[in-house]
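*Asks:* One structure, as structure tokens, below. Some questions next.
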Amino acid sequence: MERRRFVEKGLTLLAEAGVLGSIAAAAKPARAEPKGYDASKHYYGMGIQIDKCIGCGKCVEACKEENNVPKDVAHFRTWIERYVIEQDGAVEVQRVDPGSNGSHETISSENAVRTFFVPKLCNQCDNPPCVQVCPVGATFKTADGVVLVDADRCIGCRYCIQACPYGARYLNPLTDTADKCTFCYHRITKGLLPACVEVCPTQARIFGDINSNASPLARFRRMNKLHVLKPSLNTEPKVQYSDLDGEVR
Amino acid sequence: MKPFFPKLPEAFVRVGIVFALFITTVSFARWMLPASLKNRNEQRQATITRETAKAVHYAGSNACTECHEKTNATKSAGYHRNLSCETCHGATKGHAEDPDVKPATDRRRDACTRCHLYDPSRPTGFPQINPVAHNPLKQCVTCHKPHSPKPPHVPEECQACHAQIARTKEVSPHVRLPCTTCHTVDVQHKVTPREVPAKIPSDRSFCARCHSSESTMKETQKVDFATHGEKYLCWQCHYPHMPELHAYGTKTLR
């Protein structure tokens, strides 16, 4: 009797799952990109001019607004670090809290030699360590060079967060999945600039197509001496910095 | 217990059930699971679709220029020419789609000091102020037009000799008053300044025109002249070129 009931129940469940599955299959989305956009024709990168960053944090705010990132200080897709290099070679790094006016009082050391801001974000590596480690294949590189996370497939194991040498990923507490900068993929595929680039008041951030000769990025790459973060890791970042101090990690 | 399919041998039924289970599982995996769960390319396409379908919040400055040509012309000629409208006005996609939705405009000092507060980490040459010393009780927009910000101007003929006073006054609440508001200056003062000095007000009633509690002047600090320091002349305590220096200490306006 018990076994019969078990088998009956099992069969009912299977049938139900089948129906649900076919519904899900019917709701399958049509082809991906907006009309007239061909991902294979683009390859995106970003340039950051350290000499121009004023650390105002408008980029951080705009990113949170645009991408529905939780507004608290612990979650962010892009952020700004303040470097203070002292006489004895000690390096102090603080993350700048956007909109915290009075930040001018935060330099404690009297013998600071150099101090500057460094905006950071996902480097959209050409050889991304986060993609290698994902156990379920939820994160991948698109044809136009952007590393995306499939929030439906991500199991929230945090492996990629550990693997990223730049600390660019975080676990979104709303979805419990890994989240990161997408270069504002929904904007760039429509021909708009990423939100952080759009609002930067000093053009410290420059966005464009690496392959194009006419993008502002091409000019940035021609006119500056460039460097990337942690080049020894062979991650081949597509976010390049000009005027980068040797102490920046 | 009633037998299950009485005509069939029990072993046969068991094999049949196992077979049916196997068929269902295989067909479920094969035909009923959405392709995005099995095929890597389908899965990626689905992710890209989801990403590109996300809502845009920042309309981009081109959207602003379409309607606000005049403001854009002013802005393009000034120091803020490279700023996107949304840097100060915030995300305006809603406004671009429906002009009745008004974008936020922050007129507080905080909105300006966000970028222009003195900070040693900021690049050299970027315009920065000390908010305590720089006219602490006035909003920035009183003197600096955000679409074309320029420092207010002291008349050059006065500044040529009285540069220190001009610099002091430039960051004080009296910045918008021309020198001639308080000083009557004879033309001869420019030729022989020591023989024909500029005149200063002679009594309290001059300051009272703007600062007494009966005055109708807007945006000025008011006191009751009948009870406030009646034995003294105003400028014995308040330096007219930087009046807040003594009166308010380090109090600043947000």
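*Asks:* Looking at A:L226, is it free of Cβ contacts under 8 Å to residues at least 12 places away in the same chain and assigned by TED's automatic domain parsing to the domain that holds A:P98? Talk me through it step by step, then tell me what you get.
*Replies:* Numbers: free of Cβ contacts under 8 Å to residues at least 12 places away in the same chain: no; assigned by TED's automatic domain parsing to the domain that holds A:P98: yes.
So A:L226 fails the test.
*Asks:* Then there's this: Are any residues in the range B:207-219 closer than 22 Å to B:N135 by Cβ and either surrounded by fewer than 16 Cβ atoms within 10 Å (Cβ to Cβ) or free of Cβ contacts under 8 Å to residues at least 12 places away in the same chain (or both), and if so, which ones? Don't jump to the end; show me each part of the working.
*Replies:* The initial filter retains those residues of the range B:207-219 that are closer than 22 Å to B:N135 by Cβ, namely B:207, B:209-211, B:215, B:217-219.
B:R209, B:C210, B:S215, B:M217, B:K218, B:E219 - these are the residues of the range B:207-219 that are closer than 22 Å to B:N135 by Cβ and either surrounded by fewer than 16 Cβ atoms within 10 Å (Cβ to Cβ) or free of Cβ contacts under 8 Å to residues at least 12 places away in the same chain (or both).
*Asks:* A follow-up question, please. Restricting to the range B:190-206, give me the number of residues that are exposed (fewer than 15 other Cβ atoms within 10 Å of the Cβ), in a loop (DSSP other than H, G, I, E, B) and aliphatic (A, V, I, L, M). Spell out the reasoning first.
*Replies:* In the first step, residues of the range B:190-206 are kept if they are exposed (fewer than 15 other Cβ atoms within 10 Å of the Cβ); the result is B:190-197, B:199-200, B:202-203, B:205.
Retained after the next criterion (residues that are in a loop (DSSP other than H, G, I, E, B)): B:192-197, B:200, B:202-203.
Narrowing the set further to residues that are aliphatic (A, V, I, L, M) leaves B:196, B:200.
Total satisfying the criteria: 2.
*Asks:* Sticking with this structure for a sec: Give the residues of the range B:113-129 that are surrounded by 13 or more Cβ atoms within 10 Å (Cβ to Cβ) and either more than 10 Å from chain A (Cβ to nearest Cβ) or part of a loop (DSSP other than H, G, I, E, B) (or both), sorted by residue number. Full working, then the answer.
*Replies:* From the range B:113-129, those surrounded by 13 or more Cβ atoms within 10 Å (Cβ to Cβ) are B:113-123, B:126, B:128-129; that's our starting set.
Residues satisfying the conditions are B:Y118, B:D119, B:P120, B:S121, B:R122, B:P123, B:F126, B:Q128, B:I129.
*Asks:* OK, next. Residues in the range A:49-70: is at least one assigned to a strand (DSSP E or B) and either modelled with pLDDT of 90 or more or not assigned by TED's automatic domain parsing to the domain that holds A:E236 (or both)? It would help to see each step written out before you state the result.
*Replies:* Initially, the range A:49-70 is screened for residues assigned to a strand (DSSP E or B), giving A:49.
Still in the running and either modelled with pLDDT of 90 or more or not assigned by TED's automatic domain parsing to the domain that holds A:E236 (or both): A:49.
Scanning the range A:49-70, I find at least one residue that is assigned to a strand (DSSP E or B) and either modelled with pLDDT of 90 or more or not assigned by TED's automatic domain parsing to the domain that holds A:E236 (or both), so the answer is yes.
*Asks:* Check off (1) more than 12 Å from chain B (Cβ to nearest Cβ); (2) under 12 Å from the mean Cα position of the chain (by Cα); (3) surrounded by fewer than 23 Cβ atoms within 10 Å (Cβ to Cβ) for A:L148 and give me the number that stays unchecked.
*Replies:* (1)
*Asks:* Here are B:T49, B:T25, B:T87: which of them is loosely packed, with under 15 Cβ neighbours inside 10 Å and at the interface with chain A (Cβ under 8 Å from one of its Cβ atoms)? Don't jump to the end; show me each part of the working.
*Replies:* Values: B:T49 fails: loosely packed, with under 15 Cβ neighbours inside 10 Å; B:T87 fails: loosely packed, with under 15 Cβ neighbours inside 10 Å.
Checking each option against the conditions leaves just B:T25.
*Asks:* Please work out which residue is surrounded by the most Cβ atoms within 10 Å (Cβ to Cβ), limiting yourself to the range B:73-84 and to residues that are of a type outside the set (F, W, Y) and in contact (Cβ under 8 Å) with a residue 12 or more places away in the chain. Working first, answer last.
*Replies:* Going through the range B:73-84, the residues of a type outside the set (F, W, Y) turn out to be B:73-78, B:80-84.
Then keep just the ones that are in contact (Cβ under 8 Å) with a residue 12 or more places away in the chain; that gives B:74-75, B:77-78, B:80, B:84.
Values: B:T74: 16, B:K75: 22, B:A77: 11, B:G78: 15, B:H80: 19, B:S84: 24.
The qualifying residue surrounded by the most Cβ atoms within 10 Å (Cβ to Cβ) is B:S84.
*Asks:* Further, regarding this structure: Kindly state which strands (runs of 3 or more DSSP E) lie completely within the range A:161-249 and contain at least 3 residues that are surrounded by 21 or more Cβ atoms within 10 Å (Cβ to Cβ). Steps first, please.
*Replies:* Values: elements: A:170-172, A:177-179, A:205-209, A:239-242.
Answer list for the range A:161-249: A:205-209, A:239-242.
*Asks:* Here's a follow-up. So in the range A:73-113, with the set limited to residues that are facing chain B (nearest Cβ under 9 Å) and modelled with pLDDT of 90 or more, which one is farthest from A:T139 (Cα to Cα)?
*Replies:* So, considering only residues that are facing chain B (nearest Cβ under 9 Å) and modelled with pLDDT of 90 or more, the one farthest from A:T139 (Cα to Cα) is A:V84.
*Asks:* Across the range A:175-192, what is the total count of residues that are within 7 Å of chain B (Cβ to nearest Cβ) and of a type outside the set (D, E, K, R)?
*Replies:* Looking only at that region, the number is 5.
*Asks:* Looking at the range B:179-188, can you tell me whether even one residue there is at pLDDT below 85 and not small (G, A, S)?
*Replies:* no
The values are calculated or read from the model by the stated rules, or taken from the named source; none is laboratory data. Quantities reported herein were computed from a predicted structural model and do not represent experimental measurements. Cβ: placed from backbone, ideal geometry, glycine included. Neighbour counts: every protein chain shown.
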